[in-house]
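Q: Dropping the structure in here first, questions after.
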Amino acid sequence: EIEDVMKVGYKDIRCVESGGPEPGVGCAGRGVITSINFLEENGAYENIDYVSYDVLGDVVCGGFAMPIRENKAQEI
């Protein structure tokens, strides 16, 4: 459920921490893709003005660049 991962704070700011796999076990970039897809599917991007992503700049497995690659981010 979206309520399990999204916390609403001051001035209705919404915050999500997605985490990732254990080091050496999986691709952390895949976690970025999965997280954004989950948020989209559950309406997290409805009725908001801005979205800020704080992800690693590394592109070891490509997933970290996903918000930019799929036009989910306008600038870096």
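What follows draws every value from the coordinates through simple rules; no lab data is involved. From a predicted model like this one, the values you see are computed outputs, not experimental measurements. All Cβ positions, even for glycine, are placed from backbone atoms using ideal geometry, and neighbour counts span all protein chains on display.
Q: Give the order of Glu40, Glu17 when sorted by the count of other beta carbons within 10 angstrom, beginning with the fewest.
A: Numbers: Glu40 12, Glu17 9.
By the 10 Å Cβ count, ascending, the order reads Glu17, Glu40.
Q: Another question about this same structure. Please work out how much length the chain gains when fully extended from Tyr45 to Glu1, using 0.36 nm per residue of separation minus the C-alpha to C-alpha distance, in nm with one decimal. Walk me through the intermediate numbers first.
A: Working: separation 44, 0.36 × 44 = 15.84 nm, distance 1.46 nm.
Using 0.36 nm per residue and subtracting the Cα-Cα distance, I get 14.4 nm.
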